[in-house]
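Student: Got a structure for you, questions after.
Please treat every number below as a calculation from the coordinates, not as lab data. Bear in mind that the values here come from a model prediction, so they are computed numbers and not experimental data. Every residue, glycine as well, gets a Cβ built from its backbone with ideal geometry; the counts of neighbours run over all protein chains shown.
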Amino acid sequence: MQRTALTARRRERELDELASEPVDLLVVGGGVTGAGVALDAAARGLSVALVEARDLAWGTSRWSSKLAHGGLRYLATGDVGVARESARERHVLMTRTAPHLVRALPQVLPLTQGVGPRQGLTAGIGFGLGDLLRRDAGTSSDVLPAPRLARPGEAARLVPAVAREHLHGAWVAHDGQLVDDARLVVALARTAAGRGARILTRVRATELHGDGATLQDTLTGAGLRVRARVVVNATGVWAGTVDPSVRLRPSRGTHVVVPAARLGDPAGALMVPVPGSASRFVFALPAQLGRVIIGLTDEEAPGPVPDVPVPTRPEIDFLLATVSRVLDRPLLPDDVVGAFAGLRPLVDSAGPGDGPGLGSSDVSRRHLVAVSSATGAVNVLGGKLTTYRTMAEDAVDLAVKHAGLTAGPCWTADLPLVGAPPRAVPPADALARAGARATQVAAPPLAPALVARYGAEAPDVLAAAALPGASDVVGQGIPGTGHLDVTRAEIEWAVTHEGALDADDVLDRRTRIGLVPADRAAVGDVVGELVEDALKRL
């Protein structure tokens, strides 16, 4: 357990070591791709350090739709290769590496007035093709049920807020949903740390060299020069600031957050076709902490890359209006309790004379791995959350070849992340048994939400807590926070095992309380005190 624990003290020690000990591979960037690269390289036996200017999952990796999807949209645009890769990587996540973090989510496309017959037919064909990809990936129907037509009553039970009038039935298909995208990144980083990788947040790479990089500890301002046989630039949408030769075409994906109760606490996701499109949908996705996330837009985002992208009013209005087409009561701006946007780091493949090129929604989600002529680093660009593992594999393959390193083959497709259940029994059964065993020794019994977030580590989260009231929720006694099921033990665990260095790390990335500003304000002081106490105990 301690090998995978990320703490402030470990950071200090490993930062000192990095100043005097060269590494085989230095990863710059602490998102899902960078964490995946660090794990892949460490698992091959290489010495690895990852540096991140801010916190794990600071950028695009925390602003996704939280889906591990099979690439249905890419089938619609003819990108069969990406769709097939997505389905296979979804299978790996759901059956081998992270079954505790990804669940099967029913997606409901209502056949009603707001959905034209042609859109319903096209969607049905797409679901059928997507099911062929599921089978090709080897995913059983026990893990992801096949798509089917459902009666109106079943559609209304899955998504109670759907308009019943003119509802003739619904397509119900299943895809993978992460309990949280930032939690996947943290699990990757901790698993890499367990294999010897140094995971260093608040460390900025100010310059890349052929044999390493110049770094700055942003907490102290101290600089250091690290030597590495090869550097991997995995900074995502900021890659161009590290390597000026990189050309990206960022697109902005905006989501809004509404209370789950406003949509009747749905058990499935609502799919609504975008008017005039055969391949684009707006989703209303049930999420943890009593929320529904509605997204997403796909708008080109030229210009300087902001630290935190900001949703625009027209994008928010578009999402609300599109979903409201199939609801019994339209969503209004007052229903929105939070909003967020992320920038996709799409590779710009248009040449200087190619004109404006494709719109952002049509740019391929294929990733690109190449050695930079400007810095000598291996750049890993583009791609998407679901396929992070193959991006990492390609990046490490090229890094090993470029630097002449001796390394074993990639085996991350069979490497469970921290919290994954034992492989001896099916994942769902293993988690259930782990929870049953825990209830025999833990009081009170483990909450399902705790198991959903931590898997087989859920009992350890409570057992490791040293602060009083470990199983109490952070909003205990605070009006209006009953939907926040985050325990005090989880706050402490974020500091003692997940590398959180301050309250913002916990609120905005380890627990996602901060996605709703009112929730953040309600429990922010309590979380801050718990973080401060936990840091003192390290």
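Student: Which lysines does K401 reach when only Cα atoms under 27 Å apart count, and residues fewer than 8 places away in its own chain are ignored?
Tutor: Reachable lysines: K384.
Student: Under a crude label model (7 Å from the Cα following the beta-carbon direction), how far is D414 from R157 in nanometres?
Tutor: Once both label points are built, they end up 4.1 nm from each other.
Student: Given R₀ = 60 Å, FRET efficiency for S141-D334 by Cβ-Cβ distance, to 0.05?
Tutor: 0.90
Student: Now, a different point. Show that you can apply the helix-only estimate: for the chain, add -39,500 (n - 2.57) for every DSSP H stretch of four or more residues, divide by all residues, and state [θ] at 222 nm to the nearest 500.
Tutor: Roughly -10000 deg cm²/dmol at 222 nm, from the helical runs in the chain.
Student: Tell me, what is the FRET efficiency for H166 and T206 to the nearest 0.05, using R0 = 56 angstrom and their Cβ-Cβ distance as r?
Tutor: Once rounded, the FRET efficiency stands at 0.40.
Student: Would you mind working out the magnitude of the charge dipole of the chain relative to its Cα centre, with +1 at each Lys and Arg C-beta and -1 at each Asp and Glu C-beta, to the nearest 20 Debye?
Tutor: Charge dipole of the chain: 1040 debye, to the nearest 20.
Student: Sort 148-158, 103-113 by the packing proxy (mean of other Cβ within 10 Å over each peptide's residues), most packed first.
Tutor: Taking the mean over residues of other Cβ atoms within 10 Å, the ranking is 103-113, 148-158.
Student: Let me check I've understood the local charge: for L105, count other residues with C-beta under 13 angstrom from its C-beta, Lys and Arg +1, Asp and Glu -1. What total comes out?
Tutor: Around L105, the charge tally is +2.
Student: Would you work out which of G482, A463, A161 lies farthest towards the positive end of the dipole of the chain, given +1 charges on the beta-carbon of Lys and Arg and -1 on that of Asp and Glu, about the Cα centre?
Tutor: Ranked along the dipole, the leading option is A161.
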